[in-house]
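Working notes, structure below.
The values are calculated or read from the model by the stated rules, or taken from the named source; none is laboratory data. Being a predicted model, the structure only gives us computed values, none of them experimental. We place every Cβ from the backbone using ideal geometry, glycine too, and count neighbours over all the protein chains shown. Areas reflect the complete protein model, heavy atoms only, side chains present, ligands, DNA and RNA absent. Shrake-Rupley method; radii C 1.70, N 1.55, O 1.52, S 1.80 Å.
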Amino acid sequence: VPGQVLVKFKDTYTISVSRAQRQLASTIADQVTAVLQKYGVHEMEQLLPNEKPNRQLRRAKAYNGNVIQEHDLAQLYCVKLATEHQREVTQVVDELKALDEVEFAEPNYRIYAMADTHIADAHNGNPLENQQWYLDAYGVKELWTKPVINKTRPIIAILDTGVDLTHPDLKDNLWTNNIEAFGNIDNDNDGNGFKNDVHGWDFVNNSPNIRDNNMHGTHVAGIAAAVNNGIGIIGANPQALIMPITVLQSDGAGDVAT
């Protein structure tokens, strides 16, 4: 995206940015201020404004034994350059990456969905399972024979073009936010910053109304967690719950910041 840079400040630095005389400046980091003002930065969008700063960051062990450290995503921003500097994204990225306060910086890349969605469109006949070559290729069917260790149904967020909530292979495996589903309408009942997020959120239209006018997200959701109901296909984990998160336009295009 022209003139846009993503920057994540390190967890050990709480970067506070204020506006004065139409310029942005960091209250604690002069080097950050110098870069912002050099390139006429007029806006810094905090990408996860509902993230709670200074909370206890979790650690988890991955399947391969590696320890995964959660990061403070309140420190993630989309920096928007002045018009006359929009072609200087690479220079801004390099200068930000050189600062001690910065964990990473990169352009706000455009992204595109690339897939044939014909499997997700078909609603009749379990024989579609024979088109799911990946079930055998990745050993998924073999995993189905293993004992279930944790009976808690996992939640899979599908960051894509949305999900068809009425699809017969998916509607029974939708994640439901019960606090919102049984709470007061048009009220942020769970305090997460999103009103009426019963089944997920549409970040393209900033709305709780999930749909899929492209079918790519529906296709991906089916690969992940379609119900084993004798209709259409079966998901790699038919016990998982699907959380639809719309981040791509109906034409399948979007950007990393969204």
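Picking from Ile155, Ile185, which residue would you name as being among the β-branched types (Val, Ile, Thr) and within 16 Å of Asn237 (Cα to Cα)? Give the steps one after another, and end with the answer.
Numbers: Ile185 fails: within 16 Å of Asn237 (Cα to Cα).
Among Ile155, Ile185, only Ile155 is among the β-branched types (Val, Ile, Thr) and within 16 Å of Asn237 (Cα to Cα).
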If you go through Lys61, Lys97, the only one that is touching a strand residue (DSSP E or B) at 6+ places or on another chain (Cβ under 7 Å), at pLDDT 95 or above and open to solvent by 80 Å² or more (accessible area, probe 1.4 Å) is Lys97
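What residue, among those in region 181-200 that are on the phi > 0 side of the Ramachandran plot and free of Cβ contacts under 8 Å to residues at least 60 places away in the same chain, is most open to solvent (accessible area, probe 1.4 Å)?
In the first step, residues of region 181-200 are kept if they are on the phi > 0 side of the Ramachandran plot; the result is 186, 191, 193, 196, 200.
Adding the requirement that they be free of Cβ contacts under 8 Å to residues at least 60 places away in the same chain leaves 186, 191, 196, 200.
Values: Asp186: 102, Gly191: 52, Asn196: 41, Gly200: 4 Å².
By that ranking, first place goes to Asp186.
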With criteria (1) assigned to a loop (DSSP other than H, G, I, E, B); (2) surrounded by 14 or more Cβ atoms within 10 Å (Cβ to Cβ), Leu159 comes up short on (1)
Residue in region 200-215 that is of a type in the set (A, V, I, L, M, F, W, C), over 18 Å from the mean Cα position of the chain (by Cα) and more than 25 Å from Leu47 (Cα to Cα) present:
no
Log entry, pairs with first residue in region 134-145 being touching a residue at least 40 places away in the same chain (Cβ under 8 Å) and farther than 17 Å from Val220 by Cα, second being β-branched (Val, Ile, Thr) and open to solvent by less than 70 Å² (accessible area, probe 1.4 Å), beta carbons closer than 8 Å, six or more apart or on different chains, reads none
Condition set open to solvent by 40 Å² or more (accessible area, probe 1.4 Å) and at pLDDT below 90, scope region 71-94, selection nearest to Tyr39 (Cα to Cα): answer is Leu73
Scanning region 100-132 for residues that are assigned to a strand (DSSP E or B) and open to solvent by 90 Å² or more (accessible area, probe 1.4 Å), the one modelled with the highest pLDDT turns out to be Arg110
Residue set Leu170, Leu241; condition modelled with pLDDT of 95 or more, more than 15 Å from Ala113 (Cα to Cα), in contact with a Pro (Cβ under 8 Å, 6 or more places away or on another chain) and among the hydrophobic types (A, V, I, L, M, F, W, C); output residue Leu241
Only one of (1) open to solvent by 50 Å² or more (accessible area, probe 1.4 Å); (2) within 30 Å of Pro49 (Cα to Cα) does not apply to Pro208, and that is (1)
